[in-house]
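The structure appears below as structure tokens.
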Amino acid sequence: VFTSLDKIYPFPLPSPVDERIPRLIKKDLEEAKLCFSVGASNATATMSRRAIQRACKEKGAIKKDLADQIDEIASSKIITEDLKELAHTIRLVGNDGAHPNELQVNQDEAQEILELAEQFMEVIFVAPAKVREIRENREKNGTKSNT
């Protein structure tokens, strides 16, 4: 029986990041997962925030600040209002992780933020790639859409 003071080494390896996510964003998510796996909550939130900022730039945001970049891709209809709120939440918690203030990111928050960042990437990169793959496979196999 383990107590709250016991640790198991080595730490479990983080789950893989989907290959359909652009390389630099994927790298940031992998680093966030590695940070989480060793209990580095502030670093997890900071790297999740960084991944969101890279995603905004990948989707064409040109403004300087992340808050404005998120709003920019939302107003361009690249992301929905729900995804905009999700991204702003990651941004705010990531800011707490990155800047010395009275707020610290705990492990539960870090896990939630990391999962939200992955969900964000799933919606804007992975799901569209899956749709393209399905369409390409159907066309290659001679299956046409009824519409």
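Report, by residue number, each residue of the stretch 24-49 that is under 14 Å from the mean Cα position of the chain (by Cα) and polar (S, T, N, Q). Passing the criteria: 44, 46, 48. Inspect the stretch 125-147 for any residue being among the acidic types (Asp, Glu) and within 20 Å of residue 80 (Cα to Cα) and give the result as yes or no. Within the stretch 125-147 (the criterion being among the acidic types (Asp, Glu) and within 20 Å of residue 80 (Cα to Cα)), the answer is no, since none of the residues qualifies.
Only a single item in (1) modelled with pLDDT of 95 or more; (2) in a loop (DSSP other than H, G, I, E, B); (3) of a type in the set (A, V, I, L, M, F, W, C); (4) surrounded by fewer than 19 Cβ atoms within 10 Å (Cβ to Cβ) is not met by residue 2, and it is number (1). Here residue 39 meets each of (1) crowded, with 16+ Cβ neighbours inside 10 Å; (2) in contact with a helix residue (DSSP H, G or I) (Cβ under 7 Å, 6 or more places away or on another chain) with one exception, condition (1). Kindly indicate whether residue 64 is over 20 Å from residue 128 (Cα atoms) and surrounded by 18 or more Cβ atoms within 10 Å (Cβ to Cβ). Against the criterion (over 20 Å from residue 128 (Cα atoms) and surrounded by 18 or more Cβ atoms within 10 Å (Cβ to Cβ)), residue 64 does not qualify. Tell me whether the stretch 106-124 contains one or more residues that are surrounded by 13 or more Cβ atoms within 10 Å (Cβ to Cβ), over 19 Å from residue 31 (Cβ atoms), polar (S, T, N, Q) and in contact (Cβ under 8 Å) with a residue 24 or more places away in the chain. No, every residue in the stretch 106-124 fails to be surrounded by 13 or more Cβ atoms within 10 Å (Cβ to Cβ), over 19 Å from residue 31 (Cβ atoms), polar (S, T, N, Q) and in contact (Cβ under 8 Å) with a residue 24 or more places away in the chain. Could you please find all residues in the stretch 5-21 being at pLDDT 85 or above, surrounded by 14 or more Cβ atoms within 10 Å (Cβ to Cβ) and of a type outside the set (Lys, Arg)? If the condition is that a residue be at pLDDT 85 or above, surrounded by 14 or more Cβ atoms within 10 Å (Cβ to Cβ) and of a type outside the set (Lys, Arg), then 17, 18, 21 are the ones that fit. Among the residues making up the stretch 73-85, those that are touching a helix residue (DSSP H, G or I) at 6+ places or on another chain (Cβ under 8 Å) and open to solvent by 30 Å² or more (accessible area, probe 1.4 Å) are 78, 80, 81, 84.
For the stretch 59-147, list the helices (runs of 4 or more DSSP H) that sit wholly inside it and hold at least 2 residues that are of a type in the set (Lys, Arg) and under 15 Å from the mean Cα position of the chain (by Cα); which are they? Before the answer, list the steps.
On the way: elements: 66-75, 81-98, 107-121, 127-140.
Output list reads 81-98.
The criterion of being outside any loop (DSSP other than H, G, I, E, B), without any contact (Cβ under 8 Å) to a residue 12 or more places away in the chain and open to solvent by 40 Å² or more (accessible area, probe 1.4 Å) does not hold for residue 31.
The values are calculated or read from the model by the stated rules, or taken from the named source; none is laboratory data. The structure presented is a predicted model; accordingly, all values stated were derived computationally and were not measured. All Cβ positions, glycine included, derive from the backbone under ideal geometry; neighbour counts span all protein chains shown. Please note that ligands, DNA and RNA were not included when accessible areas were found on the heavy atoms of the full protein model with its side chains. Shrake-Rupley method; radii C 1.70, N 1.55, O 1.52, S 1.80 Å.
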